[in-house]
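Let me begin by presenting the structure, written as structure tokens, before commenting on it.
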Amino acid sequence: MDASNRPEAVVTVDVIAAKGLLGQGRRYLDVRTNEEFNKGHIGNALNVPYMFKTKKGCNSGGRSLRACVDLLNAGFKHVTNMGGGYSAWVDNEHGGNKSADEFETSCKFRP
């Protein structure tokens, strides 16, 4: 286990590239809370909530980046982060049953 992995070591791709990886058989690990996941998620996603100390939830990829670092440190290979998180997925109209305007988030990085 290499405890030296940091956020800079994580490969981050945009939504288009992530959709391509999913089309190639990669699995989407959704680290949002069960409540957030139930409001909308990418098809066939596996929900494994990953929490860190925060007052509010955020769908912009902060948790996923931290989760990727932990996965790499635990020895997992081929770990890729989707930049912008689920908010970026919805904003790019790639899925879910809600439009970007309907999707509410409490993330300070998203308008």
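Using 0.36 nm per residue and subtracting the Cα-Cα separation, the extra length available between E8 and M51 on full extension is 13.5 nm. When Rg and Dmax are taken over the Cα atoms of the stretch 11-93, they come to 12.0, 36 Å. Accessible surface computed residue by residue for the stretch 11-93, with neighbouring protein chains in place and a 1.4 Å probe, gives 59 Å² per residue.
The values are calculated or read from the model by the stated rules, or taken from the named source; none is laboratory data. These numbers were taken from a predicted model, which means no experiment stands behind them. These area figures cover heavy atoms from the full protein model, side chains too; ligands, DNA and RNA do not enter into them. Shrake-Rupley method; radii C 1.70, N 1.55, O 1.52, S 1.80 Å.
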